[in-house]
Amino acid sequence: MTPADVQKLFLRQLGVRLGPEMGAYVLRRLQAGGAVSAPVYYMGGDARTGVPVRTFVDPVALLADGPNPAAGPTPGGPSDPLLH
């Protein structure tokens, strides 16, 4: 997996565009030993509106094959308190 793969994964799964530096950071977190049990914090932009998003994602849900309906709404939605 490369940082570009992480960027594509976030765009496809969460609708969030990540910059190259954030993609590399998230990749390092996912590859870290304990990353599966800890949330991964990220900053990016909503792909539809361009609104900046700063929140976290559960790595297990992110790496699952497709959207996880039990996970609730997509992070960065209008009700997300970390939306900046």
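The values are calculated or read from the model by the stated rules, or taken from the named source; none is laboratory data. These numbers come from a predicted model, not from an experiment. Neighbour counts run over all protein chains shown; Cβ positions are idealised from the backbone, glycine included.
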- Note on the structure: All conditions in (1) at pLDDT below 90; (2) loosely packed, with under 13 Cβ neighbours inside 10 Å are true of Leu30 except (2)
- Item | Condition met for Gly19 (out of contact with any Pro (no Cβ under 8 Å at 6 or more places or on another chain) and at pLDDT below 90) | no
- Query: Are any of the residues in region 41-64 loosely packed, with under 13 Cβ neighbours inside 10 Å, within 13 Å of the chain's Cα centre (by Cα), in a loop (DSSP other than H, G, I, E, B) and at pLDDT below 85?
  - Reply: yes
